[in-house]
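This report refers to the structure that appears directly beneath it.
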Ligand code: 5RP
């Protein structure tokens, strides 16, 4: 889902700064959530010649009426720039994503992207990554998967037919890399919301005082 636009100067300033990174001719990945809801009109206003890939039906449905051209991801192999929100960002640029339950698609799109730009309001910046970590779980064998994971709570949200079940992991996170490996190693986990710093090219942090633009660890050719 991409939420309706809330009056949040931090989210809006980060989104508007990120929109300025987009150039005509680019293929652009669009994230999901209330911060991305500020990005879509900012991008549309620029009237660039771009093709977009959406990470959720909600984002596609919000982007198209604004005049943004959204294509099926199946028709596109490489994305120049993706802009997406996050629930937590730590000092090394580890991310937690999936507050909106779109983290599996968001990770697939981010991994196919040359430059992955994260937009957050300043309260998303944390000293340490902590639970909850969003999960997408296959329905088959769900009880066994949950028993394997331990402290997991299923979300009480409507499920889209082509997605798994959305849940949150509440175990201790001492080391995000170890937690990511643990979650990825459990059969039945379709995707988890820990995004490695290797994926992150930029973090744009908005607040009522302005915008901070941090370079992330990831820079691919051209990124
Ligand atoms: C959705 C996400 C969102 O980007 C994340 O939850 C941040 O959301 P918001 O911008 O609404 O605070 O990962 O799956």
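Every number here is computed from the coordinates shown, using simple stated rules; none is lab data. Small disclaimer: the values here were computed from a predicted structure and weren't measured. Here the Cβ is made from the backbone with ideal geometry for all residues, glycine too, and neighbour counts use every protein chain on show.
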Helix-derived mean residue ellipticity, 222 nm - over the chain, DSSP H n ≥ 4, -39500 (n - 2.57), to 500: -7000 deg cm²/dmol
Separation in nanometres of the label points that stand 7 Å from Cα toward Cβ, at residue 131 and residue 215: 3.7 nm
For region 150-223 and region 55-73, distance of Cα centres in Å: 22 Å
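Only bridges with both residues in region 133-193 count here: give the DSSP antiparallel percent, nearest 5.
Values: 11 of 11 bridges.
The antiparallel fraction comes to roughly 100 percent.
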Length released on extending from residue 190 to residue 69, taking residue separation times 0.36 nm less the Cα-Cα span: 40.7 nm
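Using 0.36 nm per residue of separation minus the Cα-Cα distance, give me the extension gain between residue 77 and residue 92 in nm, one decimal. Please list the in-between numbers first.
Values: separation 15, 0.36 × 15 = 5.40 nm, distance 2.84 nm.
Difference between extended and current length: 2.6 nm.
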DSSP bridge pairs, the chain: antiparallel proportion in percent, nearest 5: 50 percent
Highest-MSF residue in the chain out of 140, 195, 73 [GNM, Cα springs under 10 Å]: 140
Simple spin-label estimate for residue 151 and residue 46 in nanometres, 7 Å along Cα-Cβ: 4.1 nm
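Relative contact order for region 128-216 using alpha-carbon pairs under 8 Å, separation at least 6, rounded to a whole percent? Before the final figure, lay out the partial values.
Working: 128 pairs, mean separation 28.3, N = 89.
So the answer I get is 32 percent.
Could you order peptides 206-212, 128-134 by the average number of other Cβ atoms within 10 Å of their residues, highest first? The partial results should precede the final answer.
Working: 206-212: 15.3, 128-134: 18.4.
Taking the mean over residues of other Cβ atoms within 10 Å, the ranking is 128-134, 206-212.
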Within a Gaussian network of the chain (alpha carbon springs, distance under 10 Å), most fluctuating of 162, 84, 174: 162
Helix 34-45 vs. the chain, principal-axis angle (Cα, 0 to 90°, nearest 10): 20 degrees
Most mobile listed residue (148, 192, 103) in the chain, GNM with C-alpha springs under 10 Å: 148
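Just need the relative contact order of the chain here, percent rounded to a whole number, with Cα pairs under 8 Å and 6+ apart. The partial results should precede the final answer.
Working: 519 pairs, mean separation 50.0, N = 223.
Relative contact order here is 22 percent.
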DSSP bridge orientation in region 1-122 - percent antiparallel, rounded to nearest 5: 15 percent
Spin-label model distance (nm) - residue 23 vs residue 178, 7 Å beyond Cα toward Cβ: 4.3 nm
